[in-house]
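What follows is a single structure, written as structure tokens, with notes after it.
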Amino acid sequence: MNRRTIHLASLLALACCGVPANELPDLGDSALANLPPHEERRIADLTTRELRRSGAVLSDVEIADYLQRLGYKLVAASNDNRVNFRFFPIDDGAINAWAVPGGVIGVNGGLIVLTQHESELAAVMAHEIAHVTQHHYARMLESQKGSGLMSLGALALAILAASRSSTGDAPMAAIAATEGYQAQRYLDFSRDFEREADRVGMQTLSSAGFDVRAMPTFFDRMQKYYRNVDNGAFAFLRTHPVTGERISDSEARAAQQPYKQWTDSMDYLLVREKARTLQLGNRGAIDYYRGTTEQKKYASEAAQQYGYAYACLLASQYEEAWKHLELARKALPAGHPMLESLAGNIRNQQGKYEEATQIYQAALQRYPSAPALGYGPIDVLLRQGSAKEAVAQIEKALGERPSDPELHKRLAEGYEKLNQAGPAHRAMAEYYALIDEPTAAIEQLNVARRSGGDFYQLSAIEARIRELRDRIPLDKNGKPIKDRDDGR
């Protein structure tokens with residue numbers, strides 16, 4: 001395990017142990033008394049912060065937006081939608097997904113690519129959502145009360161090691177420290193919870209309108225692939241043991257449901273190809289798409305040509321990228337915001353700024369809620385050196401979306417290009433504050449303070465620093481948990 005995983009595990013242990021048992025609220029459920037909702041939220045917040053610090057999150061607006069929309073479609077159909085779920089695409093080719101108490105769900109790029117249909121991706125996410133809504137970690141603690149099986153810190157270590165290990169062996173290392181029969185009890189409870197997550201997840205899948213048969217189908221296919229290629233890629237099967245019994249149970253439950261035909265959305269098809277390109281790398285992806293398009297081995301020509309165009313863009317082959325984009329547009333005459341976003345990006349990279357701006361503006365008229373399109377005109381201005389105009393546009397956009405961290409990040413870039421250090425650091429501080437990095441935000445504000453300013457600006461900086469200090473997480477002794485110097 002790397003330093004980041006160990007650091008996060010220690011934070012989780014501190015967060016979970018921060019409230020004495022006799023001070024926990026009576027929630028009417030002895031299991032939840034071991035890990036009440038407010039502690040689950042703290043775990044989720046700490047996990048989110050560490051994920052962002054580690055660089056594990058795939059930094060792609062379109063993939064992240066799609067996972068959020070798909071995730072909340074499932075949450076809305078689940079048996080408990082009170083949890084504030086957060087869904088993250090993870091930059092990892094291993095086939096895995098995982099859940100953390102408090103509603104943090106990670107989905108590896110490798111798993112997205114392996115799925116053949118949207119219902120399969122939804123099935124895995126519904127399964128992970130069920131782990132959270134059924135409070136499996138809290139119930140595990142309750143079942144082990146008095147046995148000394150695993151401390152909450154060790155459990156947190158196992159959870160996070162599982163999420164960050166490509167082989168899935170790290171949780172076993174944590175368990176190996178306990179006695180043999182206790183480890184077996186842990187695995188027994190895990191199997192029980194996996195079966196329950198299957199059952200509840202299938203109910204969610206059905207309520208959301210997806211094909212429930214996708215769950216046993218995908219698990220069965222993963223298991224067959226895993227038997228033939230045990231190279232550590234199938235981390236999901238190590239952390240979520242799939243047995244023939246589980247697959248049979250899922251098939252039996254699916255057979256009792258009325259058949260529902262779910263047509264894969266174009267969002268899913270395009271996102272899957274974008275994830276594939278990022279996983280293969282531009283050269284590998286170009287070879288892959290050259291083969292599939294020449295042999296016509298695809299279910300969606302538009303998605304294949306989009307993936308080909310995106311791979312060419314990453315390889316700086318702009319004319320080739322435009323050629324395949326045009327083929328994608330021809331195959332999908334109804335259009336799609338991801339196609340237009342790619343078009344604007346290609347022209348922007350070519351330095352055809354006027355055409356890029358026109359593409360973005362026309363696309364925004366059709367798809368006003370597409371996040372990548374909203375950043376497009378700003379990115380064109382920043383790239384062509386019109387920083388003053390870019391800052392003005394960003395300030396206007398922030399009037400409508402003040403909590404958008406990407407806008408603050410671009411604002412910092414704009415001010416930096418204008419050689420305005422103070423405003424640049426203040427904008428970057430707001431970016432960090434919005435992604436829940438109060439210590440890093442304070443660092444930026446301290447730099448901004450040293451850059452000077454008038455009385456009102458310096459007073460505003462001091463006030464913001466005080467606000468952010470109150471957001472730094474505390475350990476069980478009330479001391480700030482931080483691994484950065486906040487400048488004091």
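The values are calculated or read from the model by the stated rules, or taken from the named source; none is laboratory data. Remember, predicted model here, so these are calculated numbers, not experimental data. Every residue, glycine among them, receives a Cβ derived from its backbone with ideal geometry; neighbour counts consider all protein chains shown.
Residues that are assigned by TED's automatic domain parsing to the domain that holds ARG195, on the phi > 0 side of the Ramachandran plot and within 14 Å of the chain's Cα centre (by Cα): does region 50-72 have at least one?
Within region 50-72, one or more residues are assigned by TED's automatic domain parsing to the domain that holds ARG195, on the phi > 0 side of the Ramachandran plot and within 14 Å of the chain's Cα centre (by Cα).
Kindly provide the set of residues from region 73-117 that are part of a loop (DSSP other than H, G, I, E, B) and either among the hydrophobic types (A, V, I, L, M, F, W, C) or in contact with a Pro (Cβ under 6 Å, 6 or more places away or on another chain) (or both), ordered by number.
Correct list: ALA77, VAL83, PHE85, ALA94, ILE95.
Restricting attention to region 451-467, which residues are outside any loop (DSSP other than H, G, I, E, B) and touching a helix residue (DSSP H, G or I) at 6+ places or on another chain (Cβ under 9 Å)?
The initial filter retains those residues of region 451-467 that are outside any loop (DSSP other than H, G, I, E, B), namely 455-467.
Residues satisfying the conditions are GLN457, LEU458, ALA460, ILE461, GLU462, ARG464, ILE465, GLU467.
Quick check, is LEU398 modelled with pLDDT of 95 or more, in a helix (DSSP H, G or I) and buried (at least 19 other Cβ atoms within 10 Å of the Cβ)?
Against the criterion (modelled with pLDDT of 95 or more, in a helix (DSSP H, G or I) and buried (at least 19 other Cβ atoms within 10 Å of the Cβ)), LEU398 does not qualify.
Tell me which helices (runs of 4 or more DSSP H) are completely within region 265-335 and hold 2 or more residues being of a type in the set (Asp, Glu), or say none if there are none. Can you show your working first?
Values: elements: 266-280, 282-294, 301-314, 318-331.
Counting at least 2 such residues, we get 266-280, 282-294, 318-331.
Looking at region 68-80, is at least one residue in contact with a Ser or Thr (Cβ under 7 Å, 6 or more places away or on another chain) and charged (D, E, K, R)?
Looking for residues that are in contact with a Ser or Thr (Cβ under 7 Å, 6 or more places away or on another chain) and charged (D, E, K, R), one finds at least one in region 68-80, hence yes.
Give the number of residues within region 43-72 that are closer than 19 Å to PRO101 by Cβ and part of a loop (DSSP other than H, G, I, E, B).
Result for region 43-72: 1.
Looking at region 357-388, which of its residues are over 29 Å from the mean Cα position of the chain (by Cα) and assigned to a helix (DSSP H, G or I)?
THR357, GLN358, ALA362, GLN384, ALA387, LYS388
Residues in region 152-162: is at least one within 21 Å of ARG52 (Cα to Cα), out of contact with any strand residue (DSSP E or B) (no Cβ under 7 Å at 6 or more places or on another chain) and at pLDDT 60 or above?
No; the residues of region 152-162 include none that is within 21 Å of ARG52 (Cα to Cα), out of contact with any strand residue (DSSP E or B) (no Cβ under 7 Å at 6 or more places or on another chain) and at pLDDT 60 or above.
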